[in-house]
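Here the structure comes first, spelled out in structure tokens, and everything after it is commentary.
The values are calculated or read from the model by the stated rules, or taken from the named source; none is laboratory data. Note that this is a predicted model, so its numbers are computed, not measured. Glycine also receives a Cβ, built like all others from the backbone with ideal geometry; neighbour counts cover every protein chain displayed. Heads up: the accessible areas ignore ligands, DNA and RNA and are worked out on the full protein's heavy atoms, side chains in. Shrake-Rupley method; radii C 1.70, N 1.55, O 1.52, S 1.80 Å.
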Amino acid sequence: MGLFDKMFGGGEQYPELEPEHYAMTRVNEVRPQLETLAGEVKDRLEVVPAEHAAYVFIGKPPKTFGLAWIHDGQVSSFKTLVEERGVAPPILEQLVERLRGAYQRSADAPRFQTSVGEREVTVTPAAELEAEVHRLIEAVTR
């Protein structure tokens, strides 16, 4: 988010995620971890909810972004892949490129916004994106 975005509230505005939307149920399942992440990370957050999990694009995808995923009550990230799984930089770079492609293919997916802690976050309940991100992360963590 640039200086003018912060000052004038610029950036994409999406409809509010309704409480009865299935994606809100999924967001609520991981809300404690999302609130922690939202408190630690200052960049824009875009949540792709999954069943009992969530993938969180951090920053400005598809250009510059990180990814965190919430599973089994824990938050993992690219840093986790390197430190705990020993994933080599070239493999991580390939993963980022594949995630970039997955994100770009979901450009037309409906997006919403909701509050998580003190922050507004984007929620993208896109089954295709969720499935592809899950597959890519699983391939690296096996």
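Laid out as a table, the results:
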{"item": "So Val96, is it farther than 30 Å from Glu20 by Cα and not in a helix (DSSP H, G or I)", "result": "no"}
{"item": "Answer residue from segment 39-58, given it is among the small types (Gly, Ala, Ser) and open to solvent by 10 Å² or more (accessible area, probe 1.4 Å) and is farthest from Arg135 (Cα to Cα) among those", "result": "Gly39"}
{"item": "Pair list, Cβ < 7 Å and 6+ apart or interchain, from segment 101-129 residues that are part of a loop (DSSP other than H, G, I, E, B) and modelled with pLDDT under 95 to residues that are surrounded by 12 or more Cβ atoms within 10 Å (Cβ to Cβ) and not hydroxyl-bearing (Ser, Thr, Tyr)", "result": "Gly117/Glu35; Gly117/Ala38; Gly117/Gly39"}
{"item": "Close pairs from segment 37-64: first farther than 19 Å from Arg26 by Cα, partner among the hydrophobic types (A, V, I, L, M, F, W, C) and modelled with pLDDT under 95, Cβ under 7 Å, at least 6 apart", "result": "Arg44/Met1"}
{"item": "Residues located in segment 85-133, provided they are farther than 23 Å from Glu40 by Cβ and open to solvent by 70 Å² or more (accessible area, probe 1.4 Å)", "result": "Pro89, Pro90, Ile91, Glu93, Gln94, Glu97, Arg98, Gln104, Arg105, Asp108, Pro110, Glu128"}
{"item": "Some residue of segment 79-93 being of a type in the set (Ser, Thr, Tyr) and under 13 Å from the mean Cα position of the chain (by Cα)", "result": "no"}
